[in-house]
1. How tilted is helix 69-79 with respect to the longest principal axis of the chain? Cα atoms for both, answer in degrees (0 to 90, nearest 10).
2. For the stretch 3-79, state the semi-axes of the equivalent ellipsoid (square roots of 5 times the eigenvalues of the alpha-carbon gyration tensor), sorted largest first and rounded to whole angstrom.
3. To the nearest 500 deg cm²/dmol, what mean residue ellipticity at 222 nm is calculated for the chain from DSSP H runs of n ≥ 4 alone, each contributing -39,500 (n - 2.57), summed and divided by the residues?
4. Report the label-to-label distance for residue 69 and residue 35 in nanometres (one decimal), using points 7 Å from each Cα along the Cα→Cβ vector.
5. Hey, what did the chain get for relative contact order, percent, Cα under 8 Å, at least 6 apart?
């Protein structure tokens, strides 16, 4: 399952540099996560780095984009050949 950034985002920017897939960018109002690049940090870290560094808990799992661990690993390998 990909992560998303909720409206609680305070635009601190802590999450953007932590993403190993460069899936996080500044949006019009808050930072946003491109679900096509988000692997929940599977393949690179033991936990999602955006959620780990977010001071307000705005990085949460996105129930609209559920994927198995195997699918997330395959996506990571595709992004990082």
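We did not get these values from a lab; they are worked out from the coordinates using the rules stated. Bear in mind the structure is a predicted one, so any value in this text is a computation, not a measurement. Cβ sites come from the backbone with ideal geometry, for glycine too, and all protein chains shown count toward neighbours.
1. On a 0 to 90 degree scale, this one is about 80.
2. 20, 12, 11
3. -5500 deg cm²/dmol
4. In this crude spin-label approximation the distance works out to 2.2 nm.
5. Details: 133 pairs, mean separation 33.2, N = 81.
Rounded, it is 41 percent for the chain.
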